[in-house]
Structure formats: structure tokens, C-alpha cells
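Quick note: the coordinates plus some simple rules give every number you see, no bench work behind them. Because the structure is a prediction, the values reported are computed rather than measured. All Cβ positions, glycine included, derive from the backbone under ideal geometry; neighbour counts span all protein chains shown.
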Amino acid sequence: MRDNAYAMPVRLVPFPRLIDRLAQHYGEPAPPGVTQPFAMILWENVAYLAHDTRRAEAFAELRAKTGLTPAGIRRAKDSLLLAIAGRGIVPAATKEKLRRAAEIARDSFGDDLTPILDKPLASAKRDLRKFPAIGEPAAEKILLFNKRHPILALESNGLRVLVRLGYAAEHKNYSTMYKNVQRMLAPQLPDDCEALIRAHQLLRRHGQEICKRSSPLCQTCPLRPNCNFFSETAAVPESGIGRRA
């Protein structure tokens with residue numbers, strides 16, 4: 001985030017009000033479509049660096065042709081997994097990740113990940129992080145979406161929104177920035193999984209549609225009056241920030 005001597009400081013909006021404002025703008029989100037733990041792991045792995053539509057297509061084909069169980073993935077032919085993974089990049093690596101996930105599920109958990117959900121938070125995250133592409137944010141999302149641990153689980157779009165608003169400073173280390181946002185917001189967070197799932201979904205959508213990584217549409221943003229990023233960039237006319245492309 002750039003320093004700007006002309007920017008006026010803004011007051012951070014309370015987190016519950018922030019989420020309500022997003023809900024007023026976008027409408028209430030639908031319940032998550034995928035919540036079963038192994039299915040969520042497959043979702044994270046099925047199409048590397050694909051946008052949501054392509055990932056959903058790959059996931060639907062995986063569901064139809066192999067099923068979403070570890071055994072189904074292990075039985076699948078390489079040619080089928082490669083074809084499905086081709087909706088993302090490096091399909092050969094994706095195919096190996098799908099196979100590896102199924103093997104870990106069998107070898108470490110007897111093909112049943114449900115008991116992981118009821119472990120203490122640190123132990124549950126440690127087990128989930130054994131799987132390919134499951135870092136701490138994805139592990140927390142699995143636990144949140146299964147309504148076991150009320151955590152502010154964020155992916156990159158939602159995290160970007162909160163950093164730009166001013167809940168934490170940008171940091172070159174993603175994990176540090178992620179934890180700083182969680183720490184800053186901890187006193188305001190509800191002890192309620194449904195509310196935090198709603199927050200996850202709305203923040204993610206806002207980061208995808210308006211608070212984009214490049215060329216954010218600040219002039220259409222319902223959070224603009226309380227946004228540090230907008231306050232700083234609006235004072236620099238040549239920045240072009242906030243103009244609709």
C-alpha cells in the first residue's frame with residue numbers, strides 16, 4: 001500500500017456491518033455447494049489455476065465419471081484424470097495430486113476424513129494439510145464449511161478486500177498478512193459458523209467482482225467510504241483507480 005501525504009484517514013467499519021453492507025449489495029449467498037471434506041480437497045486440486053467456471057466443469061465431470069471418494073479416484077484411469085485436469089494448467093501434475101490425495105486418504109485415514117473434523121483445531125488443521133494444495137487457509141475453510149470450528153477462513157480475494165480496507169498492512173509474506181488480518185478482527189468475530197461462512201462468501205465475491213487485484217472498480221464499491229486503499233489512491237488523479245474499464 002502506497003504512502004500518500006494527501007490521503008485522509010478513514011474509520012474502519014465494524015466487521016458485522018461490513019458484511020451486512022456486502023449482503024445488501026450482492027444479496028445473501030447460497031449455501032456452499034461442496035462441504036464434504038474429501039470433496040473439498042478434490043475441488044482445490046481438480047483444475048490448477050482455473051477460474052471458477054472451468055473448475056466447476058472439471059469438478060462436475062469428476063463427480064459424474066469417478067465419484068468423489070478416494071476409492072473412486074484410485075480406480076480412475078490416468079487418461080480420464082488427465083482429460084478432466086486439462087481444464088486447468090499442468091494437467092499431469094494435477095492428475096498426480098488427485099492420486100496422491102486418494103492415497104493419503106487411504107493410508108492415513110482409512111478413506112474416512114470425518115473424524116478429522118472433531119479433533120482440536122491445531123490437530124485437525126495438521127491432518128488436513130497433509131493433502132496436496134491444502135495450506136492453512138484451505139484447511140480452515142474445510143473446518144468452517146463443515147461447521148466444526150468458527151474461524152475467519154479467507155482465500156486471496158477476501159483477504160485482499162480486508163487489507164485494502166485497512167484491517168492489516170500489506171506484507172510480502174502471505175501467511176503473515178493472513179494471520180495479521182485474523183488477529184486484528186478476532187475481537188469482532190461471531191462465534192458462529194453460519195455467520196463466518198456468509199462472510200467468507202461475500203468477501204470472496206467482492207474481491208472477484210469489484211475489489212479486483214488489478215483495476216479495482218472503486219467507484220462502484222459499497223465499502224468505498226471506509227476504505228484506506230480508495231482514500232489513498234483517490235488523491236492521485238493519474239492513478240486511474242476506480243474507473244470502470
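Under 27 Å between alpha carbons, and skipping anything fewer than 8 positions from Lys119 in its own chain: which lysines qualify?
Lys97, Lys130, Lys141, Lys147, Lys179
Mind sorting Phe109, Phe15 by how few other Cβ atoms lie within 10 Å of their own Cβ, fewest first?
Phe109, Phe15
Please work out the FRET efficiency for the pair Glu170 and Gln36, using the Cβ-Cβ distance as r and a Förster radius of 35 Å; give the result to the nearest 0.05.
0.50
Using +1 on the beta carbon of Lys and Arg, -1 on that of Asp and Glu, and nothing else charged, what's the dipole of the chain about the Cα centre, debye to 20?
It works out to roughly 380 debye.
Taking the chain as a Gaussian network, Cα atoms linked when under 10 Å apart, which of Glu28, Glu140, Glu170 shows the biggest mean-square fluctuation?
Among Glu28, Glu140, Glu170, the largest GNM mean-square fluctuation belongs to Glu28.
Relative to the present Cα-Cα distance, how much length would full extension add between Arg63 and Arg100 at 0.36 nm per residue of separation?
Taking Arg63 through Arg100 to full extension adds about 11.6 nm, to one decimal.
In Å, what Rg and Dmax follow from the Cα atoms of segment 37-145?
For segment 37-145, the Cα radius of gyration and maximum Cα-Cα distance read 13.2, 39 Å.
Of the options Ser108, Ser215, Ala169, report the single residue whose Cα projects farthest towards the positive end of the charge dipole of the chain (beta-carbon charges: Lys, Arg +1; Asp, Glu -1).
The residue sitting most towards the positive pole is Ser215.
Quote the Stokes-Einstein diffusion coefficient, in whole µm² s⁻¹, for segment 86-158, based on the Kirkwood radius over alpha carbon pairs, a temperature of 37 °C and a viscosity of 0.692 mPa s.
Reported coefficient: 249 µm²/s.
Could you give each residue of segment 13-18 its phi-based ³J(HN,Hα) in whole Hz, using Karplus coefficients 6.51, -1.76, 1.60 with θ = phi - 60°, and x for Gly or Pro?
With the stated coefficients, segment 13-18 comes to 6, x, 4, x, 5, 4 Hz.
Using the alpha-carbon atoms, what tilt in degrees (0 to 90, nearest 10) does helix 174-185 show relative to the longest principal axis of the chain?
60 degrees
What distance in nm lies between label points placed 7 Å from Cα along the C-beta direction at Lys179 and Leu82?
4.1 nm
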